[in-house]
Amino acid sequence: MNYAEIKNFDIANGEGVRTTLFVSGCRRGCPGCFNSGAWSFEAGEPFTREVEDAIIESLAPGYVDGLTILGGEPMEPENQAGLVEFVERVRARYPRGCGKTIWCFTGDTLDELMEGGRHRTEVTDRLLACIDILVDGPWVQELYDITLRFHGSSNQRVIDLNATREAAAELGVPLSEAVRLWQDEEVYSTHTM
């Protein structure tokens, strides 16, 4: 797997200050994509163990709120295979409750990832188990809305996977039937100051 870019001190792709990993490779080709330079699987540099280690260390300071993964498309099968052990390492080093979250942006919906869509692989469940917030759904230029926080088009959802997992367990249903959306701070959700 290659990565197109790593941004430290990112505040645009998830809550708080984050380290953001842009993976290379996406077959969607959404018109208006902000990161078409990462569509090629050969773009950027190899995602090596040394790169993984540097990202994990970048998360250590108390002011860093977590890791965000986007692309490209993290849920392309090749990228899932390249990410799963890394994301499990991040989760082991920074367990839930330590103040570090993992966000992931994908053009797939949670339903597609859970129910046999084209990007469901043998490691999809392992990857989703580590993610706290999943921004799902393809970018749709016609549904672009500048007022949305942490997603660009109104068809996309910001899913709180931890709350979704809890609800699914409580209700005895699949994750896709128990979706709980992430709740933003009121000042942002009302679009007023």
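For the chain, what is the mean residue ellipticity at 222 nm derived from helices alone (per DSSP H run of n ≥ 4: -39500 (n - 2.57); sum divided by total residues; nearest 500 deg cm²/dmol)?
Working: 6 runs with 54 residues, N = 193.
Counting only the DSSP helices, I get -8000 deg cm²/dmol.
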Going by C-beta contacts inside 10 Å, put LEU134, LEU181, LEU148 in order with the fewest on the left. LEU181, LEU148, LEU134
Please work out how much length the chain gains when fully extended from GLU115 to ARG28, using 0.36 nm per residue of separation minus the C-alpha to C-alpha distance, in nm with one decimal. 29.4 nm
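With charges only on Cβ, +1 for K and R and -1 for D and E, what is the dipole size of the chain about its Cα centre, in debye, rounded to 20? Before the final figure, lay out each step's value.
Numbers: 17 positive and 32 negative charges, 33 e Å.
Roughly 160 debye, rounded to the nearest 20.
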Stretch ARG96-LYS7 to full length: gain in nm at 0.36 nm per residue minus the Cα-Cα span? 29.8 nm
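With contacts defined as alpha carbon pairs under 8 Å and 6 or more residues apart, what's the relative contact order of the chain in percent?
Values: 361 pairs, mean separation 32.0, N = 193.
Over the chain, the number comes to 17 percent.
Bear in mind these aren't lab numbers, they're just calculated from the coordinates by the rules spelled out. From a predicted model like this one, the values you see are computed outputs, not experimental measurements. Here Cβ is always computed from backbone atoms with ideal geometry, including for glycine, and neighbour counts include all displayed protein chains.
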